[in-house]
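Asker: Have a look at this one before I ask anything.
The values are calculated or read from the model by the stated rules, or taken from the named source; none is laboratory data. Bear in mind that the values here come from a model prediction, so they are computed numbers and not experimental data. Cβ placement follows ideal geometry from the backbone for every residue including glycine, while neighbour counts extend to all protein chains displayed.
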Amino acid sequence: MLAHVRTRWVLALLGALWFTPAAFAAPVDFTLPGLDGVTHKLSDYRGQWVVVNYWATWCPPCREEIPQLERFSRRNRGRAVVLGIDFEHIGTAQLKHFVKAHGIHYPILRMDPKPVTALGPVWGLPTTYIVDPKGNIVGHHTGPLTDRILEEFIQSVAQSAAQKPGVRAVKH
């Protein structure tokens, strides 16, 4: 009974918070420098699900979400990747210290002086965009997420796409 109620709650949450009109747009792309010194292009990750997470070190919900994103990243290696976009302008040494202290192993990208809005607006932090393996935005959410919600959302979109070949797996 409890599992049934939880499943219905998660589905309602996904329906209420995730789906975006931007999902009908053409595949998106951006290029940003990584904290690791490597330049990252969103299109380099085609073939995988991409979780793009805008965050900041000063943001308490962002810090709470980090272990969830790390767990999701580890569990879905090869199928999905998390890209954390630092939505502030702090020194590289300070950011590297924060990343190490919080055990972040997924790529952290540095924002250019102007915010990257190729995916859409960032109304608050954390903001997460989900990009499917073809490079299309299939969802977004403002606020912290769990690894389970990310996994269930991706599974739901993938199953919907598999059931309707040629039709985009987006609900409104």
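Asker: Just give me the residues in region 137-157 being in contact (Cβ under 8 Å) with a residue 24 or more places away in the chain and more than 26 Å from F87 (Cα to Cα), in sequence order.
Answerer: Those that are in contact (Cβ under 8 Å) with a residue 24 or more places away in the chain and more than 26 Å from F87 (Cα to Cα): E152, S156, V157.
Asker: Would you check if L150 is within 11 Å of the chain's Cα centre (by Cα) and on the phi < 0 side of the Ramachandran plot?
Answerer: Criteria met by L150.
Asker: Further question on the same structure: So for region 34-43 (the condition being within 21 Å of K134 (Cα to Cα) and free of Cβ contacts under 8 Å to residues at least 40 places away in the same chain), does at least one residue qualify?
Answerer: Yes, because at least one residue in region 34-43 is within 21 Å of K134 (Cα to Cα) and free of Cβ contacts under 8 Å to residues at least 40 places away in the same chain.
Asker: Residue by residue through region 91-136, note down the ones that are in a loop (DSSP other than H, G, I, E, B), without any contact (Cβ under 8 Å) to a residue 12 or more places away in the chain and out of contact with any strand residue (DSSP E or B) (no Cβ under 9 Å at 6 or more places or on another chain).
Answerer: Scanning region 91-136 gives G91, K114, T117.
Asker: Looking at E70, E64, E88, which is the one that is touching a His at 6+ places or on another chain (Cβ under 8 Å), farther than 25 Å from A26 by Cα and touching a residue at least 24 places away in the same chain (Cβ under 8 Å)?
Answerer: Matching residue, one of E70, E64, E88: E70.
Asker: Whether any residue in region 11-18 is modelled with pLDDT of 85 or more and surrounded by 18 or more Cβ atoms within 10 Å (Cβ to Cβ) is what I want to check.
Answerer: Checked region 11-18: no residue is modelled with pLDDT of 85 or more and surrounded by 18 or more Cβ atoms within 10 Å (Cβ to Cβ).
Asker: Which members of region 80-90 meet the condition of being assigned to a loop (DSSP other than H, G, I, E, B) and either closer than 19 Å to G143 by Cα or small (G, A, S) (or both)?
Answerer: F87, E88
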